[in-house]
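Before any comments, here is the structure.
Please treat every number below as a calculation from the coordinates, not as lab data. Since we're looking at a predicted model, the values are computed, not measured. When we count neighbours, we look across all protein chains shown, and the Cβ atoms used for this are built from the backbone with ideal geometry, even at glycine.
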Amino acid sequence: MYEAELRLDCRLADGRYCALCCYSTEMPLSRKDIERITSLGYNIDYFADYVDGVPRLRNVDGHCVFLDPSTRKCKIYPYRPMGCRLYPLVYVPGKGVDVDPECPRAYTVDKKTVERLTPLVIYLVEEIYGSL
């Protein structure tokens with residue numbers, strides 16, 4: 001179930017990568033995300049903070065610890081957390097899975113894609129938080 005991801009072209013009209021979602025990130029991490037990242041040699045204390053007992057990607061200078069601000073690219077892209085792979089799909093309590101309207105490329109995500117990936121988003125949320 002962990003193999004799916006959302007393929008989204010995050011380049012802006014000028015050709016630069018957006019990376020808006022990497023600034024002031026609150027991305028929660030699953031156990032599998034942590035295992036994948038620590039297998040690269042990173043210590044969890046380097047890349048994660050805990051909020052209410054939930055590990056989240058750490059911000060450094062206002063952006064994800066793994067974002068290279070000069071290129072606006074992820075330093076661990078092939079190993080990035082599942083939440084990053086599924087963004088801009090997000091779980092909204094009381095509403096369900098939706099496309100984050102803050103993403104400048106949200107309009108490119110069609111209804112079929114949302115329906116196809118909804119089970120994975122819910123699975124991930126339940127894995128991280130326990131239940132919905």
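What the table below lists for this structure:
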| item | result |
| --- | --- |
| Among Thr71, Tyr50, Leu120 the positive-end extreme of the charge dipole of region 20-129 (Cβ point charges) | Thr71 |
| Sequence of Ser70, Ser30, Ser39 once ranked by neighbouring C-beta atoms within 10 Å, starting from the fewest | Ser70, Ser39, Ser30 |
| Pair-distance profile P(r), taking every C-alpha pair of region 21-81, with 5 angstrom steps and integer % | 4, 20, 32, 28, 13, 3, 0 |
| Packing-based order for 95-106, 118-129, using average beta carbon neighbours within 10 Å, highest first | 118-129, 95-106 |
| Share of pairwise Cα separations in the chain, more than 25 Å, in percent | 23 percent |
| Extended-chain gain in nm, criterion 0.36 nm per residue less alpha-carbon gap, Tyr79 and Arg31 | 16.0 nm |
